[in-house]
Amino acid sequence: MNAIISLCHFCEVHGPQVLFCTQPRHPLERTTSTDSDDTVTGGRFGRSSSITNEPTTPTSATPKNDFCGGCSSVRTGFISRDEDAQVNYISSKQPYDREVYSMSRQACLRSLTGEVCPGKDGPIFFGNDQQGHVLSYTFHINDSQARGFSQRYSILVVMMDKIYLLNSWPFLVPHLKTVIEHITKKTHVVYEREKAKMPHPPPQASRWSKPARSLMDLTEDRNIFKTLHLSFVWILKACGNRITETLLEGPPTEDSIIDMEKQEETEEGFCLIFSKKVNVEEVEESAANKEDTSENLDVEEGEGPIISNIRQLMKILDEDKFHVLAHHVVIGNQIIVRSCLKSVVKSVLSVLKSLLPKGCCRVIPYSHVYEESWKCNFLGLAPEVDLPMHIMSDETFVLVEVSLDEPKPTDTQLEEDTDKLLKRLLFNLASPRKLPDKAPSALSKMELALQNQDLTDTVVEHYLICLKEEWMNKVKVRFKFTKAGGNRSEEDTNKLLQVIGAKEEDTPLLKFWMQGLSLQYRNHILTTSKSAR
């Protein structure tokens, strides 16, 4: 994270002052130092884990007769190195770069004088593109020798990227609050002890004349700045790892738009995460039955044998069974996989998802009760679960029974003989529905790619992505044709299929895959059609 974190306080003698700051430095980064004695060139610090900082600023030195322990409490800095990222984190009294120092100084002034947070203590955001953007968390600590028995402090996070900083607000604020609570608890203990020794506090005038005390004295912790260094380094690194940039080499796909629709940026730049309300009773019941009703299909190591990709599933099933199963998948029939091998159930559902757009996948990986098809089109069941009678008469599901040709293996065999266990798996497919003789064209192309041994698994994976996006474009045209054009005759529909390169057997796929359209596209088409009428 390309930012600097600073601890500041308001001194009765010198005004707002930066006490301590932590910033990342890359090995090849060069700076214009603010102090010739503290020059660091090229980011190389030898084997030393600390650096010395004189109590001076680039603008003016503090006279000896006006020495302030509070403003000059930091004399030794700290260095931490992240070997993986090749980044050094430096903590010192002030930044080494003059421009960064100027930004931190201006942020300190505004934080402790001009910007007011509701309630006096708490986080606030301010800044501009020239002097940087600032997240400031102001707070007060107890001091029995200070005016008003308290001192005002703030922790600043300064960076140039406004959107990045605002999106990091939900992460930064609670962790800065944790650091502040650690400081205030320590100072409160010292304050109460000193207050008990002073039953009759001196008059206000005598307290004004005393210089500010350092944070080490207020907390009685000689390692307080070392603790702050470690805390600030962790915040910078952890916050930087939260957000990553993705390079888009073309327009976003429907799958990527659906992923982005799960979060929405507000006017202030925050990320609004959409979530559904949790039914406490259902969660408790699921926990009691040891059900896995989330959409997480990851299999833990040692849980059992897994099927790693769609091509491997095709090889295990044989081409005829795979064709039947895949046909059910692409036209939207409910896929029910029932077995005592939970890892196999979850991995089968996971690889079958690769045949569909993300918006068409509703998954319950493993359950001890049957779930209706409107809740999920991929359902994993424990072996003891029977299908309800009204479901057996339905024609929109296929039941996949997975078993072993020998008794259930031991835990040791599950861990050691994965390949052998996969060869022993038996798949039995049953469905009351008779599929059409002709499969959708998209499925035929998928099967040809899977059967082509000249294509690697990675190539097949990318081919499926491209093929799904190609057919999602056809789905968009059909959706606009049906939703925006009003009533259409069968003749018009057949002409449209010819134009988009689809056939009659592709109709079930096109209808089902409409569920994979993003909300953004749906709203756009519906809004446009209404305005055109």
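This table checks each residue for (1) within 21 Å of ASN473 (Cα to Cα); (2) free of Cβ contacts under 8 Å to residues at least 24 places away in the same chain; (3) of a type in the set (A, V, I, L, M).
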{"site": "ARG311", "(1), (2), (3)": "no, no, no"}
{"site": "ASP320", "(1), (2), (3)": "no, yes, no"}
{"site": "VAL324", "(1), (2), (3)": "no, no, yes"}
{"site": "ARG338", "(1), (2), (3)": "no, no, no"}
{"site": "LEU349", "(1), (2), (3)": "no, no, yes"}
{"site": "SER354", "(1), (2), (3)": "yes, no, no"}
{"site": "LYS358", "(1), (2), (3)": "yes, no, no"}
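Within the stretch 97-120, the set of residues being touching a residue at least 60 places away in the same chain (Cβ under 8 Å), over 31 Å from the mean Cα position of the chain (by Cα) and open to solvent by 10 Å² or more (accessible area, probe 1.4 Å) comprises ASP97, ARG98, GLU99, TYR101, ARG105, LEU109, THR113. Looking only at residues in the stretch 383-397 that are open to solvent by less than 100 Å² (accessible area, probe 1.4 Å) and over 17 Å from ASN428 (Cβ atoms), which one is modelled with the lowest pLDDT? Of everything passing the filter in the stretch 383-397, ASP394 is modelled with the lowest pLDDT. For the stretch 493-530, filtering for residues that are open to solvent by 50 Å² or more (accessible area, probe 1.4 Å), closer than 26 Å to LEU443 by Cβ and in a helix (DSSP H, G or I) leaves 9. Of the candidates MET446, MET472, the single residue that is touching an Asp or Glu at 6+ places or on another chain (Cβ under 7 Å), open to solvent by less than 60 Å² (accessible area, probe 1.4 Å) and not polar (S, T, N, Q) is MET472. Within the stretch 449-459, is there a residue that is under 38 Å from the mean Cα position of the chain (by Cα), among the β-branched types (Val, Ile, Thr) and open to solvent by less than 20 Å² (accessible area, probe 1.4 Å)? Looking for residues that are under 38 Å from the mean Cα position of the chain (by Cα), among the β-branched types (Val, Ile, Thr) and open to solvent by less than 20 Å² (accessible area, probe 1.4 Å), one finds none in the stretch 449-459, hence no.
Can you go through VAL158, VAL173, VAL134 and tell me which one is part of a strand (DSSP E or B), in contact (Cβ under 8 Å) with a residue 40 or more places away in the chain, open to solvent by less than 40 Å² (accessible area, probe 1.4 Å) and over 19 Å from CYS71 (Cα atoms)? None of the other options fit; the residue is VAL158. Inside the stretch 67-119, residues that are over 28 Å from GLN130 (Cα atoms) and polar (S, T, N, Q) make up a count of 5.
The values are calculated or read from the model by the stated rules, or taken from the named source; none is laboratory data. Just so you know, these numbers come straight off a predicted model, no measurement behind them. Glycine gets a Cβ as well: all are built from the backbone with ideal geometry, and neighbour counts include every protein chain shown. Just the protein is used for accessible areas: all its heavy atoms, side chains included, with ligands, DNA and RNA removed. Shrake-Rupley method; radii C 1.70, N 1.55, O 1.52, S 1.80 Å.
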